[in-house]
Amino acid sequence: MTRWILSLLIGLGWSLPSAAQSVPDPSESPLWHAAVPSRGMPTVSGARVFVLSRDHDVLALALDDGHELWRRPTGEREGNSAGYRVAVAGDMVVGGDWDLYAFDAATGTPKWAFHPTVGYAPGYFIGAVDGTRLFTGSGSGHLYAIDTATGRELWRTEVERWRDEALVTVFEPVTNGTLVVAGYTVYEPQTTGGLVAVDAVTGRERWRFRYPTPADRPRPVGNAGAVVITTDLAIGTAEDGRVWAVDLASGTVRWSLPPLDGPFDGIITEAPQESRGLAVVGHRLIVGSITGYLTAYDLGTQRIAWQYAQGWLGSLSWGTYTHADGVVYVPFFSGFIHALDAATGTVLWKTVDHTQSLFSPVAVAGDRVIAAGRSGVWALPVARRPVPSTPR
């Protein structure tokens, strides 16, 4: 809702406060810009950038200057591209449309397509790659492992069975090589959800954690965003705004963080149904919100380390926020990307032109940040944390 309200206000002539210009805007001097209307998160491998176009194409661009190397259609035609990601596995690049489509990363030669015999929409929820295995969720309640060399289904797990036409979605999975962990939602009259972990080799369920429904105020508790894992934790968020950390080995609760408590400084005054992005950067857990508040917690103590309040920019994007060298890159659904020092919350740079429509997670490669949106693909300079001065 916030995204559309913000877009309407901008269209009516509402402008950003002049304070938005007090921090460098990297898009004023991009390293390059390719005018290819794109969708979702780009991926970088070697000297190539891979991205999904809005018109069902997978493209390879040169990392150094953005010129197009090859473009191949997925073969789907209805509407815009359904998926949001491309993944690289060895010499293959896999595009997530409604289904999955693989191409030779160097030449773009089509290699295989995966159309599940059971379930649907695996390309919409493309997740992690581990060696030659690609893990993906679906809109049908299934979690899949695909052989990236052949497109063969290695295993399929039904995370939750449909009941009385209640839809089930399994979101983008993550893996540590041993376990595959995903968030899921069961869309019932009282929406529920949680986290599930399965064996990465067999797909057999190892544990499941269902988000508790608040006793004092029943609210939807479907999965509300990304899932991240550490060496010993799996962390996810429920639609009531609570963040849950469970033991990665057993699925038992270790701790939780409460929903944000308003009032907020933006258009939204409360968050009745949250969507939350996540990132773990060192000892910081960074959590977004539809309220526009970005909060960093200390992983050890769960105390707030800093908070960045930008509600007037609209909802923060969900998904996993990209980070590199202690900098986290956070997209807003209003089309802006802000780069912050993960340790302190200091803003290092931010884009200020909403027409660039950069509201998806970015890729970071060396000295450049690759962002994609309706305005095309952009290579921006990475944000640099200040170097502490040396006492004399």
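Descriptive notes on the structure:
- For the stretch 277-392, the Cα gyration tensor yields ellipsoid semi-axes of 22, 18, 12 Å (square root of five times each eigenvalue, largest first, whole Å).
- Relative contact order %, the stretch 81-152, counting alpha carbon pairs below 8 Å whose residues are six or more apart: 27 percent
- Protection proxy ranking for 134-141, 148-155, using the average of other Cβ atoms within 10 Å per residue and placing the highest first: 134-141, 148-155.
- Under 5 Å, built H, 5+ apart or other chain: amide partners of Ala305: Ala296, Tyr297, Asp298
- Matching the structure-derived semi-axes √(5λ) of the Cα gyration tensor in Å against the labelled list (i) 36, 22, 21; (ii) 30, 28, 20; (iii) 58, 30, 16 gives the label (ii).
- When both the stretch 56-79 and the stretch 157-234 are represented by their alpha-carbon centers, they are found 32 Å apart.
- Using the Karplus relation 6.51 cos²θ - 1.76 cosθ + 1.60 with θ = phi - 60°, the per-residue 3J(HN,Hα) values for the stretch 61-67 come to 10, 6, 5, 6, 9, x, 6 Hz, with x marking Gly and Pro.
- Percent RCO, i.e. relative contact order, over the chain, from Cα pairs under 8 Å lying at least 6 residues apart: 13 percent
- Arg303-Val352 FRET efficiency (beta carbon distance; Förster radius 35 Å; 0.05 resolution): 0.65
- Over the Cα atoms of the stretch 336-392, the radius of gyration divided by the Kirkwood radius equals 1.07; this is the Rg/Rh ratio.
- Cα-only Debye scattering, the stretch 195-254: base-10 log of I(q)/I(0) at q = 0.12, 0.20, 0.25, 0.28 Å⁻¹: -0.30, -0.75, -1.05, -1.19
- Packing-based ranking, highest mean first, of 249-260, 194-205, 26-37 given that Cβ atoms within 10 Å are counted: 194-205, 26-37, 249-260
- With one equal scatterer per alpha carbon and no solvent term, the Debye-computed log10 I(q)/I(0) for the stretch 133-200 at 0.18 1/Å reads -0.63.
- FRET efficiency, Thr202 to Thr109 (Cβ-Cβ, R0 30 Å, nearest 0.05): 0.40
- Cα Rg over Rh - the stretch 28-163, Kirkwood: 0.99
- Signed unit charges on C-beta, dipole axis of the stretch 293-392, positive-most listed residue Trp318, Thr346, Gln307: Thr346
- Between Thr150 and Val118, the modelled labels are 1.9 nm apart [label points 7 Å from Cα along Cα→Cβ].
- Per-atom-type breakdown for the chain gives carbon and sulfur 52% of the accessible area (1.4 Å probe, protein chains only).
- For the stretch 272-314, taking Cα atoms only, Rg and Dmax work out to 10.6, 31 Å respectively.
- Rg/Rh for the stretch 121-260 stands at 0.97; both radii use Cα atoms, and Rh follows the Kirkwood definition.
- Solvent-accessible heavy-atom area per residue, rounded to whole Å², over the stretch 216-316 at 1.4 Å: 38 Å²
The values are calculated or read from the model by the stated rules, or taken from the named source; none is laboratory data. Every value quoted in this text rests on a predicted model; they were computed, and no experiment measured them. Neighbour counts run over all protein chains shown; Cβ positions are idealised from the backbone, glycine included. SASA here: full protein model, heavy atoms, side chains in, ligands and nucleic acids out. Shrake-Rupley method; radii C 1.70, N 1.55, O 1.52, S 1.80 Å.
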